[in-house]
Structure formats: structure tokens, C-alpha cells
1. Scan segment 141-166 for residues that are surrounded by 23 or more Cβ atoms within 10 Å (Cβ to Cβ) and touching a Leu at 6+ places or on another chain (Cβ under 6 Å) and report the count.
2. Out of segment 97-127, which residues are in a helix (DSSP H, G or I), without any contact (Cβ under 8 Å) to a residue 24 or more places away in the chain and of a type outside the set (A, V, I, L, M)?
3. Quick one: in segment 166-189, of everything that is among the polar types (S, T, N, Q) and in contact (Cβ under 8 Å) with a residue 12 or more places away in the chain, which residue is nearest to LYS151 (Cα to Cα)?
4. Any idea which of ALA94, ALA86, ALA137 is part of a helix (DSSP H, G or I), among the small types (Gly, Ala, Ser) and crowded, with 20+ Cβ neighbours inside 10 Å?
5. Which pairs turn up if I take residues in segment 61-81 that are assigned by TED's automatic domain parsing to the domain that holds PHE100 and within 18 Å of LEU144 (Cβ to Cβ) and look for partners that are polar (S, T, N, Q) and in a loop (DSSP other than H, G, I, E, B) with beta carbon separation below 6 Å, at least 6 apart in sequence or on another chain?
6. Anything in segment 50-72 that is in a helix (DSSP H, G or I) and either touching a Lys or Arg at 6+ places or on another chain (Cβ under 7 Å) or within 30 Å of ILE112 (Cβ to Cβ) (or both)? List them, or say none.
Amino acid sequence: MISFFAGFPGRCVKIFYIKQEAKYRNQICPKAVLNSDLFSKQNTTHQMDVIFVVPLVVFLLVLQYYRTDHDTPADKDRKRYAEGIALFEAGNYAVAFTYFNQAVKENRKSAIAYTYRGKCHLMDEKLHSALYDFTQALSFDTTLSEVHLEKGKVLYQLEEFNDAFLSFDKAVWFSRGKNADALHWRSIVHEISGH
């Protein structure tokens, strides 16, 4: 038995000797029996704790993941202002402007409200007002690639090609290169400005 444990770390050898010592104590002193039983019960209790605690922790982590709201503020605003977005997409720009103008007054930090109010200004060819609203929207959420694209178009119309290129470049960046319009506009401005 000793030769079997000789190849393992010293811990295995210690366990063997502890068991041998426990057998010896059992023959000499009955109190040792109680101590060895207590040792084995503690080990079993520890194993039961691990078996119970690990699945409980995993369950709580999964529960926390599903209870967490994963929508961005822009996604929440899109849901909140779905009626106004539908008005804009239907071509009712005057009604949509009134809707988003009120939305901006109620929620001054809504990037989506500023975006759609800017788009309404753009439809009325109020370029400077549209530029202001797009700039405000980007001050609250810089990751909106569609806003960078619209801002770039306004800057292009105002013949501010360097700033337009930067806006189109940001639109490409935040869309991860998947927005064909941003790529197209960036290439047009690149040819004009020579970036």
C-alpha cells in the first residue's frame, strides 16, 4: 500500500498514514472513533454544500440576466415615440414636427426626439435648424450612425466638406461598415475634399 502512494504527492501519503493512525486509535481509544467519524461527516457536509450552492449561484446569475433590461436609451425612445416615427414615415412632416417638438420639450435629453425633429426640419429645407437638432442628438448619444449620416448630408449641402467627411466617417464607423449610404457619401466627399 505504501508503494502505491509513493508516486503521488505527499498529501496522498498523509491520508494513508492518517487512516492507519485512525485504525490504531480505534483499537486503543474509543474517543478516536468519534473524531474520525466527525472528520468524514465534515467532508460529506462540505460536498453537499458545494452540490447545493453551485447550481443555486448559476440559477441566480441566469435569473439576473433575464431580469436586466438590455434596451439602449435610443431603443426605449424609439418605442416611446413610435407614433411620431410612424407619422414621419407616412410623410406627415408638419404633424410629425409638432409631435417631436413637444417630445423635445418634455424630454430634453432624448436623442431620438431631436433626430426626428431634425429630419422634419430637413424636409422643410431648414438646414441650420436640422444641423442644430442633429448636433443635439449626437451630444446625448454619439453611437447613432443614422444621425451622423444625416448630419453629414446637411454639412455637404452647406459645402462644409471637411466636417461632412468626418460625419460620414463616423457613420461608417458606428454602423461597422454595413451602411451603404454612409460609404457612398463618404466616398463622394473624399473625392471632393481630397482626404
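The values are calculated or read from the model by the stated rules, or taken from the named source; none is laboratory data. The structure displayed is predicted, hence computed values, not measured ones. As a convention, Cβ positions derive from the backbone with ideal geometry for all residues, glycine included, and neighbour counts pool all protein chains shown.
1. 3
2. Within segment 97-127, THR98, TYR99, PHE100, ASN101, GLN102, LYS105, GLU106, ARG117 qualify.
3. First pass over segment 166-189, keeping only residues among the polar types (S, T, N, Q): 167, 175, 179, 187.
Those left that are additionally in contact (Cβ under 8 Å) with a residue 12 or more places away in the chain: 167, 175, 179.
Working: SER167: 7, SER175: 15, ASN179: 15 Å.
Applying the filter and picking the extreme gives SER167.
4. Details: ALA94 fails: crowded, with 20+ Cβ neighbours inside 10 Å; ALA86 fails: crowded, with 20+ Cβ neighbours inside 10 Å.
Only one candidate qualifies: ALA137.
5. ASP77/SER110
6. Restricting attention to segment 50-72, the residues satisfying the condition of being in a helix (DSSP H, G or I) are 50-67.
Within segment 50-72, GLN64, TYR65, TYR66, ARG67 qualify.
Conditions tested, residue by residue: (1) modelled with pLDDT of 90 or more; (2) within 23 Å of CYS120 (Cβ to Cβ).
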{"position": "ALA171", "(1), (2)": "yes, yes"}
{"position": "ARG176", "(1), (2)": "yes, no"}
{"position": "HIS184", "(1), (2)": "yes, no"}
{"position": "HIS195", "(1), (2)": "no, no"}
